[in-house]
Each structure stands twice: as C-alpha cells, then as structure tokens.
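The values are calculated or read from the model by the stated rules, or taken from the named source; none is laboratory data. Model, not experiment: these values are computed from the prediction. Heads up, the Cβs are rebuilt from the backbone with ideal geometry, glycines too, and the neighbour counts pull from every protein chain shown.
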Amino acid sequence: MILSALAWSATAVLALVMFFPIAWMVITSTKSETDAIAIPPNLWFVPSLAKFEAAFIDGDYLRFFDNSVAIVGGSVLIALALGLPAAYSLAYFPGKRANDILLFALSTRFMPGVAVIVPLFLLYSKAGLIDTRAGLILIDAALNLPLVLWLMRRFFRDIPLEIIEAALIECRSHWRIFWRVVVPLSVPGLGATIFLLIILTWNEFFFAVNVTGQSAAPLPVYMAAFMTTEGQTWAQMSAAATLATLPIMILGWLTSRSLVRGLAAGASR
Amino acid sequence: MKFPSKGWALVGLAVALSTASAFAATTVTIATINNPDMLVMKELTPVFEKENPDVKVEFQVLPDNVLRQSITQDVAVNGGRYDVVTLQPYEVQSGWAKNNWLSPLDFSKLSKAEQDAYDVDDIIKNIRAGLTYDSKLYALPFYGESSFTMYRKDLFERAGLTMPEHPTWTQIRELACKLHDPSHGMYGILMKGIPQYGQLSPLITLIHSFGASFFDKDWHPQFTSPQFKKAFTFYVDLVHDCGEPGASSQGVLELLTIMAQGKGAIWVDATVIAGLLQDPATSKVVDKVGYAFAPTEGSNNGGWLTAWSLGVVASSKHQDEAFKFIRWATSKDYAKLVADKYGAVRMPPGTRYSTYKDPAYLAAAPFAKLTLQVIENADMLHPAKDPVPYTGTAQIDIPEFATWAADFAQDYSAVIAGQMSIDAALADTQAKTEAVMKAAGYIKD
Amino acid sequence: MTAIAVTGSQTARLRRLAPGTLATAPSVIYLVLVTQLPFVVTVYLSLHQWNLLHPERGVSFVGLSNYLSLAVDPVFQIAVLNTVIFTTEAVAATTIIGLGLALLLHHISFLRGLLYLFLLSPFLVMETVAPLLWKTYLLNPVYGLLNWFLSLFGIAGLDPLGQAPALTVMTIVTWQWTPFMMLILLAGLQSRPEELVEAARVEGARSFGVFRNVTLPHLRPFFAVGMLVEAILLLPLFGPIYVATYGGPGFRTANLTFDAYRLLTQQYEVGKAAACGVVTAALTMAVTVILLRRVRLDVQRS
C-alpha cells in the first residue's frame, strides 16, 4: 500500500517536472507581453485569450493546420500501407535478405537533411513538387517507413509464432491472418508506432520549410513565423506554440487509454 | 463565450475571401521576416489588393536567418517560390546584384505622375546608396536603421549623471560602471555575445569607431593588429565588468527583453529598437529612454546603417505586379496609411526625408530627429578611419563575410564566456580569415 | 510458451508458407525511388565545387578535396566527436529515465491518463520550440525562472548556456526524448505475458525478482530496437543546438548536422556540405553495422 502510494507520488512529481516548461508556456500565452517575462513572475494577472485570437486569426492558423493534417495523414498512411506488410513478412518469414532490407531502410535516414537539401530541391524543382503537399508527403513517408519496419517487426514478433503457424495452416490467406490475428494482437505496439509517426511528422521542420512555400506550408512553418528577432513577442509565440501542439495533445489524451494499459486488473493485488 | 463565434465568423470570412481571391489573375509571393513593421505591411495589404483587384499578395514569413538561407537557395537554384524578397544592403552589395538575382528597378518606365507620386529622390541618400550597385537601384527600403545610444534618463537624473550628445566609448564605460548594480538587478550596459554573425554589428561598429579596420587595402586581415586588439579587448572587458551576465547567449531579443523590463541602464543598438521601447504593450520603460549618438573613440563613424528592403526576384514571372507592390509598400501614401491606422509613431522609420518632416511623426517619436541625423552621418561606403577596400558598417559587404565572420563570432562568444583568451581568439580568426580570403582570391601573393 | 525461442524447424516450416517478396518489395522500391536518387546526386556534388553565392565560378569537379578540407577542419573534428558523445549520452539517459517512467506508469492507476500526458508532453512540442522555452523562460541569467528561484536562496548569476553549454543541451534533449523511450518500453511492458509473471510469483519471486527474471528479459529486444531507432533519430540533432547555443560558444556544441548547416547556409558551399553529409552517413553506417553485430539483432535470434 505504502509502496504504491510512493510510486504514485514519484510519478506525479516527475510528471509535473516534465510538464512544467510546457505548462509555463501555456500560462504565458494568457499573459501580456510585459508580464510574460517579468521577474519575479507575476502570479496575479488577468488571463486573456487575446494572444490565442491573434495567433489563430492573424497567423492564419487554419491554413497551416489543414496542410499539417493532410501531410501527416498522407505520409503516415503511405508508410503503414507499404510498411506493415513488409514488417509482417520480416517478422515471421525472414528470408536471406531480411537483414539487408532492414539495414537499408534504416540507412536512408543516415544522411542529415541539410546535406541533401540542395540536390533534393533541384530534383523537386524539376518535377514541379516544390510547394505541394504531395512533395512533402513523399519525403515524410520515406522518413516514416523505416520506423514502421523496425518497430512493427519488433511488435509483431511478440506474438508467439505458434499462433501464426496455426492460423496459417487453418487459413492460407496472409491478408486474412494479418487483419484477423496479427493486428488485433499488436494493438498497443501499433498504436504507439502510429502515435510516434504522427508526432514526428507533425513537428518535422527542416524539409517542411525548405520544400514548401505559400500553399503547402504546415504548422512548423507557421510556428517559425512567430520567432522574430526584433520585437518582444514571447507571449504571442507561446500562444502560437500552444495552438500548434494542441492537436497532438488532444490526440495523446484520446489515445492514452489504449496506450497506457497497465496492470489494470493486477493493480489490485 | 465571445471568442468562438467571433473566431468562426472570421474564419468563415477568411475562407470566403480566399476563395474569392483565388480567381485573381496574379499572385505575388513575398518572403519576409516577422518584425512588427512587416506584420503591419501584411495587415495593410488588403488595401493594395483592393486598389489592384487583379493582384493577390501572399506572405511567407520566416525568422531572418532561415529566410536568408531559404531565399538564397531558392533564387540560386531557381526554385521560383518568391516574387519579392526582403533583404538588406548587405545582400545587394555582396552578390545578389552581381549575380543578377534581382531586377534593377527602372522608374523611367513609369508615367511622370507615378514617378512624382513615388518620389524616389525622397529616399534618404545613404540608404539609397546602399541599395544601389553599379548605378542601378536594386531594392526599395522598407525601413532603415542606424545605431545609437539609448539610456535611462530617469536613472541618469537620479544619479546626477549626464550623457553627452556625442559620447566616447571611454565615457560610456564610465557611466555604465557607475550605474552597474547587479545585486539590485540593474546592469550598466547591455552587450551582445551570441555566436551569430548576423548580430555582430555592435562589435563591428565599435571596432571601426576605435579607428581599427578588418582588412587593409590589400585585403590582409587585421585581427591581430594592435588597434583591433585594443578595441576588441575594450568590448570584452566592458561586458565582463559592467554588462549583463551570460552575455555569450544573449542576442538582440534577449537584450530587448532586459531593457524593456527596466534592468539595463545603457544600450547601444539599432534605432528601430527605440520605437519598441516606446510601446506600452511590451515595454516598462516608456518615456524613460534618452538618446545620443553612437559612441566613437577616435573615428567619426560610430553608427551602422542598414535597411530592410524589398527587391524583385529577377526570375519572377510577375515583374510588373511585384514592382508595383514594393512601390506601394515603400510609398508616402503607405506611411500615411500606417499613421492613420496605427498612430504616427509606427510610420516606417529611416527611409524617407518626408517622414522626418511630418510634424505628427516628430511629435510622436522623440527619437526621430536623432535617428535622421545618425542615419545621415553613417557612411556605409567609408566605414573605417583608414582607407579600406570594403564597404559596409553592420556587416562587411563581401560574400565571404558569412564564412569568416561566422567563425569569428564563435571565437568571440567563447571569449565572452570566459573560455578562450583574447589572443588565442584573434590569432585563430586571423589565420582562418587569411585562409578564406586567399582561397577566394582576394589576397594576391 | 515463450515468444522468443524459435526452433530451426519452425522457421523452415513457416518459410514454406511465406508471402514472398511481394510483401517487402513495395517498401524497398519506394525507399529506393525517393531517397536514393537525391543521395546519389549528393555524393556526386560532394566531389564538386559549387558555391551558391558565386555562380560565376560554376560547378567544377574537385575529386576528394572537399573531404580532405573537412578532415583537417578542427570544427569538423569537434563535430564528429560531439555527434558521438551527444547521441550516446542522450540514448543512455533517456533509456534509464524512460524505463523508470514506464515502470511507474505501468503500476499506477489513479489519474494514469493525465500523468501519462504530462510525461509525454516534452516530446509533443516542436524541436525548435522546446529549447526556446528552456533558453527564454528557464535559463536566462537575467529573467529566467531558474535564476529567480536560486536568487531566493542567495545564489545569483548562473549561466548554464555559457558555462556548461554541452550539459545544458544534453539536459534539454534528454527532457525532450525521454518520452520516446517511455512510449516504446510501455508498449513492451503491455505485451509482457502475464502467465510468466504468475509463474514467477508462484515460485516465490518478489517484485524485484519478477523484474529481473521476467520483465527485463522480455524488454530486451524493445530496448534494442528503441535505442537503435532513437540513436538514428538523434544523430542529426539540430534544433536544440541551433536554438540554445548556436553551436557555440567556440563551436563547443557543434555536431555534424550543425557543421553541414554551417557549410551550406553560411559558406554556401554545396559541395562541402554534401561531403559532410556523406561522411555522416558513412560513419553512421559503420557504427550501426558494428552495433548490430554486437547486439546480435540477428533476425533469426530475436
């Protein structure tokens, strides 16, 4: 009893510590600019939504939000569509080439974006992909695919091979087995992977800013616009950052139940 | 609750407007920075669009170092994303004009009425010179700045001190150290120390104002010269003795925050900042700031000169519309528009003589007169006491500047952080810069 | 029945039922098409001289001279060292803390969802925003909360970014990425077969025994894949370095990505930046291959 109380307290303290900078950012978004950075911190202030309004309307939030949703949706779906069958094959039926495929996939992420951006920009320019959602989706899908392969292979392998074998003997369709057996049994892992991909793609900045322009720019570019070098806009910037992070926060909250299935029954022991 | 309905109404309006203007004939895309004056331009753009119903203007706003990289890359490999770019005289002088990346602005093509209305001769001479290359004008200044000394006149009064109109650095040091009181959260002078080459202007002008230079007439770097070392040592010592703590990670944004919170006594920096310190929404020192010329020490060039300007990309397919837009955004009418909607103090500073003859502006901006004097005084073309082969006061106008200045900035930041000695930093920079200049063909052996 | 042990005959039987290359081919083809063409062009450019600000110099073949100039550049040398150190430290720290957090979350139930969200939050913020929060709100020597808090105890003028830049960057990165390991390890904990825990308890094992004999072995492959993926994601670390210290002071916190950035956006040397990228990719490949051999993440074994 005492142990679980201690465990809970420790978790709560750590959670508050981890969350503190973000909490401060959200609180600052409701302050005035002079209060935002005042020392000692002004704890008696009247919170206002003015900065959020400005960030939403003047900053044209919805346009960037739309792009983000499309880009994240598109690239994650492509990565899953291509990667899940591959992960399935690599997990249960690894051929001689399996190691090579995995290593190759990982290696596509070895080159920092900054080194490849000029060639990429040139190629995209010729292909007419600059400032298009499709252009960024293609890149993000390529970034996500290796993660699907590596992570989902691990989560698939958690399912006992006997189950897979037995299912295959009963019903020879890999497709059916995949959907009826494998996916349901790997939901926590699949959920975690998808969530991870969403976070990584949602926040991806470098390719987003270099390959998109007016029409296809997603939220990280929106965020960058609030980082000024002349003029004090800490509260404003915090509001923009809060808005940019909010969708992911909400997603995290909605999926937290399936992502944190702890010893629900066992906790009573 | 008030916000959602107002918000959705505006969202609906925005969608309606954007779909309506999707039928416009031309879209002009402008890449710009997120400074308050640019944001005003963005907010007022619908006025331009109304006067020119066939043109829609789209803004791509980025932080200035990202912007620089993005537009250079885009223009150099013909990405075609931008029609109008925001840049400074440095870009014009250090390659953009020479590489034919910008269209020379030809006013003679306009009607006499349009020329008179724009009045290109109203542009402050020094600023215009900075944007001219090979006798052709390549950009129109949106707002210009020089640098000067800002100080807390209330603190000076209380301590019985006076700021001379043309202070020397020695005097500044004296005054700063008298007011330096860290235990009560007051710092004598605010000085930058971050390792970013774009924020070296205060150091560069200080070096020049001590009579030192960066290159001699044969392009040999002068970092290890006694005069340079003296100036550099002065800067470092002043930061350490009477400056704010942690200078090696403080840039203009951080110093602005400190000053606006009332914790700095003296700050030598851009004239534009004066306007920001007068803004009650962000500043706690409104009406408490006095102004004087930038300090010198033996040379008369104390302040720097630069202007955020708008240029038309040479490969843009909308030359006429882009030119029209930048004329609009830098015109007298635009300045009047800003005064009407945001108050006279927000008129774009540092570009036109007419702004400084406007009684409303002079009344609203106590720093206006000095700003004009300082701008006219700053000579971008003759930055140093001795004849030098380069131009530029806030930067040195050669493309290689970014290369060696970036490394110099790292060393100087290390010195300020107390992790490198002055001699080691200067020797290192001297060697590196010599290598760069030799490789680029400036130094002929 | 364990999920780990795979007998040779089982694999052989399964292989006969395999779906064939049709399952893996699309992924491979996609990656080749999207990533290899730019990669080849990058390698090509690394052998050439091309300065964006000097189009009059054109693009000319210079062989390996870009690589040579990198090898003798002290900034590049620091960058290689820092890349290795930063990645190793970050992976180690996030794994240890992440494991602790995952275990705690797994065992509590009251307000679990909320605490989970709080613990996850650092990872949800953009890579360039998080360090800005730290630099501005927390660490600034004049108006940062840390200094204000310490001043209540009489300590003043702490300058973490100037005096301990690498440590500060590492702290920020660890704060940002611990949730990543926590996420992976949580998913691993959830798939831990409860029959094994039961069996262990029946045999008299207490909590630590269960942890050591059941949980840890089960988590081993999750550690492996989590740490490997995190390492690959952290190698091109850029945001915290760029925002918090800009690679300094004195290039103290520069890593390979920052050096490539410096070469491209300050010197506008496309060829040199490409060479820096190629070297980064090659070094990473070498390290990965060695690591994979050591950890023996052989497909057959794990």
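Worth pointing out:
- Of the residues making up segment B:40-65, just one is outside any helix (DSSP H, G or I) and aromatic (Phe, Trp, Tyr), namely B:Phe59.
- Within segment A:100-119, considering residues that are within 15 Å of C:Tyr261 (Cβ to Cβ) and in a helix (DSSP H, G or I), the one nearest to the other protein chains (Cβ to nearest Cβ): A:Ala115
- Those residues of segment A:75-118 which are buried (at least 24 other Cβ atoms within 10 Å of the Cβ), free of Cβ contacts under 8 Å to residues at least 12 places away in the same chain and small (Gly, Ala, Ser), in sequence order: A:Ser89, A:Ala115
Conditions (1) more than 21 Å from the chain's Cα centre (by Cα); (2) in contact (Cβ under 8 Å) with a residue 60 or more places away in the chain; (3) surrounded by fewer than 20 Cβ atoms within 10 Å (Cβ to Cβ), marked per residue:
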{"site": "C:His218", "(1), (2), (3)": "yes, no, no"}
{"site": "C:Gly226", "(1), (2), (3)": "no, yes, no"}
{"site": "C:Leu235", "(1), (2), (3)": "no, yes, no"}
{"site": "C:Pro249", "(1), (2), (3)": "yes, yes, no"}
{"site": "C:Thr253", "(1), (2), (3)": "no, yes, no"}
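Every residue, every condition in (1) at pLDDT 95 or above; (2) in contact with a Pro (Cβ under 8 Å, 6 or more places away or on another chain); (3) buried (at least 17 other Cβ atoms within 10 Å of the Cβ); (4) not polar (S, T, N, Q), yes or no:
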{"residue": "B:Glu297", "(1), (2), (3), (4)": "no, no, yes, yes"}
{"residue": "B:Ala322", "(1), (2), (3), (4)": "yes, no, yes, yes"}
{"residue": "B:Ala368", "(1), (2), (3), (4)": "no, yes, yes, yes"}
{"residue": "B:Val374", "(1), (2), (3), (4)": "no, no, yes, yes"}
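- Output for segment B:199-247, where each listed residue is of a type in the set (Gly, Ala, Ser) and more than 21 Å from B:Ser147 (Cα to Cα): B:Ser225, B:Gly246
- Residue in segment C:93-115 that is out of contact with any strand residue (DSSP E or B) (no Cβ under 7 Å at 6 or more places or on another chain), more than 23 Å from C:Arg192 (Cβ to Cβ) and modelled with pLDDT of 95 or more present: yes
- Residue, nearest to the other protein chains (Cβ to nearest Cβ), within segment B:393-439, restricted to residues that are touching a Pro at 6+ places or on another chain (Cβ under 6 Å) and closer than 18 Å to B:Trp219 by Cα: B:Thr433
- Taking segment A:217-232 as the range and being assigned to a loop (DSSP other than H, G, I, E, B) and either modelled with pLDDT under 95 or within 10 Å of chain B (Cβ to nearest Cβ) (or both) as the test, the residues that pass are A:Ala217, A:Phe226, A:Met227, A:Thr228, A:Thr229, A:Glu230, A:Gly231, A:Gln232.
- Counting the residues of segment B:175-233 that are more than 27 Å from B:Val374 (Cβ to Cβ) and small (Gly, Ala, Ser) gives 3.
- Among the conditions (1) within 21 Å of the chain's Cα centre (by Cα); (2) part of a helix (DSSP H, G or I); (3) facing chain B (nearest Cβ under 10 Å); (4) among the aliphatic types (A, V, I, L, M), the only one that A:Ala235 does not satisfy is (1).
- A:Thr34 within 7 Å of another protein chain (Cβ to nearest Cβ) and of a type in the set (S, T, N, Q): yes
- Within segment A:120-129, the set of residues being small (Gly, Ala, Ser) and at the interface with another protein chain (Cβ under 7 Å from one of its Cβ atoms) comprises A:Ser125 only.
- Unmet requirement for A:Pro41, which otherwise passes all of (1) surrounded by fewer than 23 Cβ atoms within 10 Å (Cβ to Cβ); (2) assigned to a helix (DSSP H, G or I); (3) within 12 Å of chain C (Cβ to nearest Cβ); (4) not acidic (Asp, Glu): (2)
Matching residues to (1) part of a loop (DSSP other than H, G, I, E, B); (2) farther than 26 Å from C:Phe39 by Cα; (3) out of contact with any helix residue (DSSP H, G or I) (no Cβ under 9 Å at 6 or more places or on another chain):
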| site | (1), (2), (3) |
| --- | --- |
| A:Val46 | yes, yes, yes |
| A:Ala55 | no, yes, no |
| A:Arg63 | no, yes, no |
| A:Val72 | no, no, no |
| A:Leu80 | no, no, no |
| A:Tyr88 | no, yes, no |
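- Only one entry in C:Ser27, C:Ser46, C:Ser69 is surrounded by fewer than 22 Cβ atoms within 10 Å (Cβ to Cβ) and not charged (D, E, K, R), namely C:Ser69.
- Residue count, segment A:147-165 (criterion: under 19 Å from C:Gly188 (Cα atoms), assigned to a helix (DSSP H, G or I) and not aliphatic (A, V, I, L, M)): 6
- Applying the criterion of at least 3 residues that are in contact with a strand residue (DSSP E or B) (Cβ under 9 Å, 6 or more places away or on another chain) and within 23 Å of B:Gln278 (Cα to Cα) to the helices (runs of 4 or more DSSP H) found wholly in segment B:87-171 leaves B:153-159.
- Candidate set from segment A:238-254 (those that are over 21 Å from C:Tyr137 (Cβ atoms) and crowded, with 17+ Cβ neighbours inside 10 Å); member that is farthest from the other protein chains (Cβ to nearest Cβ): A:Pro247
- Of all residues in segment B:172-208, those satisfying the criterion of being closer than 30 Å to C:Thr253 by Cα and either of a type in the set (Asp, Glu) or assigned to a loop (DSSP other than H, G, I, E, B) (or both) are B:Gly185, B:Met191, B:Lys192, B:Gly193, B:Ile194, B:Pro195, B:Gln196, B:Leu200.
- All of B:Thr429, B:Thr403 fail the test of being modelled with pLDDT of 95 or more, surrounded by 21 or more Cβ atoms within 10 Å (Cβ to Cβ) and closer than 18 Å to C:Val72 by Cα, apart from B:Thr429.
- Among residues that are over 29 Å from B:Val61 (Cα atoms), among the aliphatic types (A, V, I, L, M) and assigned by TED's automatic domain parsing to the domain that holds B:Asp116, B:Ala339 is not included.
- Counting only residues that are closer than 21 Å to A:Ala23 by Cβ and surrounded by fewer than 18 Cβ atoms within 10 Å (Cβ to Cβ), segment A:55-65 holds 0 of them.
- Looking only at segment A:131-177, residues that are under 21 Å from A:Leu190 (Cα atoms), of a type outside the set (A, V, I, L, M) and either touching a residue at least 12 places away in the same chain (Cβ under 8 Å) or touching a strand residue (DSSP E or B) at 6+ places or on another chain (Cβ under 8 Å) (or both) come to 11 in all.
- Search result, residues across segment C:112-130 that are more than 7 Å from every other protein chain (Cβ to nearest Cβ) and under 11 Å from A:Val260 (Cα atoms): C:Leu114
- The listed residues are C:Val229, C:Val243, and the only one of them that is within 14 Å of chain B (Cβ to nearest Cβ), part of a helix (DSSP H, G or I) and out of contact with any strand residue (DSSP E or B) (no Cβ under 7 Å at 6 or more places or on another chain) turns out to be C:Val243.
- Residue within segment B:347-358 that is under 22 Å from the mean Cα position of the chain (by Cα), free of Cβ contacts under 8 Å to residues at least 40 places away in the same chain and in a loop (DSSP other than H, G, I, E, B) present: yes
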